[in-house]
Amino acid sequence: MATGSTTTRPCRCRCSRRSTARASSPSSTPRAMITGSSRPASCATATWSTTRSTRPSRPAAPPNERQPDMKGLTMRGLAVAFTALALMVPGLLPAQAQTEGGTFSLPINDDPQIWPVAGGLYNILVNKTVYSGLVRYDLETLEPVGDLAESWEVSEDGTTYTFKLRENVTWHDGEPFTADDVVYTLLEIWTNPDVPFYLANNFRLIEDVTKVDDFTVDITLSRPQPAFPVLLGYNAAILPEHLLSSLTAEQLVNPADFLRNPVGTGPFKFAEYNPGAFVRLERHEDYFDGVPHLDQMVFRIVPDANSQLALLQAGEVDLVVIEPFQLASIENNPAVQIQSVPVTRHEFIGINNEVPGLDDVAVRTALTMALDREQLLATVFGGRGTVATGPFAPSVGWAYDDSIEPLPYDPEQAASLLEEAGWTMGGNGVREKDGEPLSFTLLYDPANPTRARTALIAQQQWAEIGVQVEFETSEYRAIVERIRQSPPNYELNPNYLIAPPDPDGIANFYLSQSLANSWAYRNPEIDELLNAGATTVDQAERAEIYAQVQAIIHEDQPNVFTVYPDEIQALSAAVERFPEAGYRDALGWAHLISKQ
């Protein structure tokens, strides 16, 4: 993995300058160094330097805006055309000042805890702006780049990461950020078996964390883990040791006093929380990566997706991630701009594999084959995406096995599978086995039209093969709590997952003993392969391992995998710049957002 020499990254603007390593290892072990920024700060077109970028993003072109016609142009005409193109392509925009001040608002679907130990999108979005991690994802490549870490080095055997931390970072209460915060977070929260951190399995190979000096930390792994920096960028926030170290593991589940005024190092700091209404954050003037352009960010608590869109159209919020079928209602609205971005996301109907009946692979396979996922893609997702084959997203191209075809929509074959498994049709149109009906309860959030439509289509199509489905509805926050109970407290649940841009991130959701394995799927062969994939250094070998994982999951059908969708962002036309990435990752760069 490591060569013993310094690794440099070419600037993506193709200039001759290259990024340089800032610090050498305190150890004599040969190491490869990764700098904390994906571009050199000295480059004239650098965007992600340690000071704030001034390049605005391009508002999405209105649907009736034409692209320049290149046919038959003279050289002068070509020059004019390319000038026009430069005004539309983000990478070609000339540097100019962004507007300072203002409030950026976006909706979340439930009250956030503002606590990184807990999951749920309503928490994650706020956490991304309040807290910082050691690394975050580059907005163009999704490669890990420095956040609180300025740079890092990897030992030749791949088991020790040395992180050089930024020295100009303060917590929102004015206290300095140091290596003590990193050591505390990793040892007392992330890897503490008594703290139910939902991403704990991502860091299962951490063996020790040592403070070298105030701004240097060694993290020792039991085995090499090439995806370790990627996993550090996935919702893994560093927390303040000086405010939390006196708490017990039990108190860390919900540190009530701390959460009345949560303190992070992110670009925005907590100001006000009105439960059921909004969370208001103020600009952190001492933010280490440059003073944010905005004065405030407001997260409005709006559970219903249609209500969220109505607020955008009324000019009361600035961003809504919309459902595909909502696009037609706003695509000609001049007050709204649209950008569609690929994300490492898949939609699925979660299956509790411990429920009698659902513990049978024949039943799970029949459910998949009796659901017309092409119809789902066309009608519910507006044709934006592809039919899913498993939890590995095509956006992680090197690890995605495109030779695996989706199971066909074949109700007759699905019915045959159930017959062979002993489920015979009863007089009421519901199959039975040993006197028990093939009947399940599907839990969903009615405020989300995509999940509600998926639930209805599944109920109708599964009834055709003799599977009865009854509905139970609940708010999304309560659903997250139920599916993450041990054992999970549900039977079927349409949901989605955004994973890290490395297949090792899927392990957290499919390892048998993981807290995030919300489907109670247990397969020792999958455990062995996922752990092997995590610790194999050669990428080609890792791809072979993950191909085996995908084949087994395809055979086991632990969930009904439906669609790999794009993320469609609807933004107010007043927004000058919102980073072009999935909005979870974009909010990690919230200091760059600006609006007129």
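The values are calculated or read from the model by the stated rules, or taken from the named source; none is laboratory data. Not measured: the values here are computed from a predicted model. FYI the Cβ positions are ideal-geometry reconstructions off the backbone, even for glycines, and counts take in every protein chain you see. For the accessible areas, the whole protein counts, side chains as well, though only heavy atoms, and no ligand, DNA or RNA atoms are used. Shrake-Rupley method; radii C 1.70, N 1.55, O 1.52, S 1.80 Å.
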Point to revise | Probe 1.4 Å - accessible area at M425, Å² to nearest ten | key: 90
Practice item. Run through every distinct alpha carbon pair of the stretch 132-258 and return the Kirkwood hydrodynamic radius in angstroms, one decimal place. Key: 15.0
Practice item. Please report the base-10 log of the normalised intensity I(q)/I(0) for the stretch 404-494, using a Debye sum with one equal scatterer per alpha carbon and no solvent, at each q in 0.10 (1/Å). Key: -0.32
Point to revise | Å² of accessible area per residue within the stretch 132-258, as computed with a 1.4 Å probe and no ligands counted | key: 34
Check your understanding: Which GluC sites (Glu not before Pro) does the stretch 95-193 hold that lie in a coil by DSSP with at most 16 other beta carbons within 10 Å?
Key -> E100, E140, E156, E167
Point to revise | the stretch 536-578: C-alpha gyration tensor shape, a/c 1.5 cut-off, then a/b vs b/c | key: oblate
Exercise for review: At 1.4 Å probe size, with no ligands or nucleic acids counted, give the accessible surface of K269 in Å², nearest ten.
Suggested key: 60
Review point. By how many nm would the segment from E528 to E175 lengthen if fully extended, with 0.36 nm per residue of separation less the alpha-carbon distance?
Key: 122.7 nm
Point to revise | Linear extension gain, A314 paired with R482, 0.36 nm per residue minus alpha-carbon span | key: 57.0 nm
Check your understanding: All other residues with a Cβ under 13 Å from the Cβ of W519 taken together, and with Lys, Arg as +1 and Asp, Glu as -1, what is their net charge?
Key -> 0
Exercise for review: Go through 123-129, 254-260, 552-558 and give me the packing order, highest mean Cβ count within 10 Å leading.
Suggested key: 123-129, 552-558, 254-260
**Study point:** FRET efficiency estimate (nearest 0.05) - Cβ-Cβ, E140 to S307, R0 45 angstrom
**Key:** 0.85
Review point. Once fully extended, how much extra length lies between D538 and E472, figured as 0.36 nm per residue of separation less the alpha-carbon to alpha-carbon distance?
Key: 19.1 nm
Study note, to complete from the structure: In whole angstrom, the spacing between the Cα centers of the stretch 219-261 and the stretch 133-194 equals 11
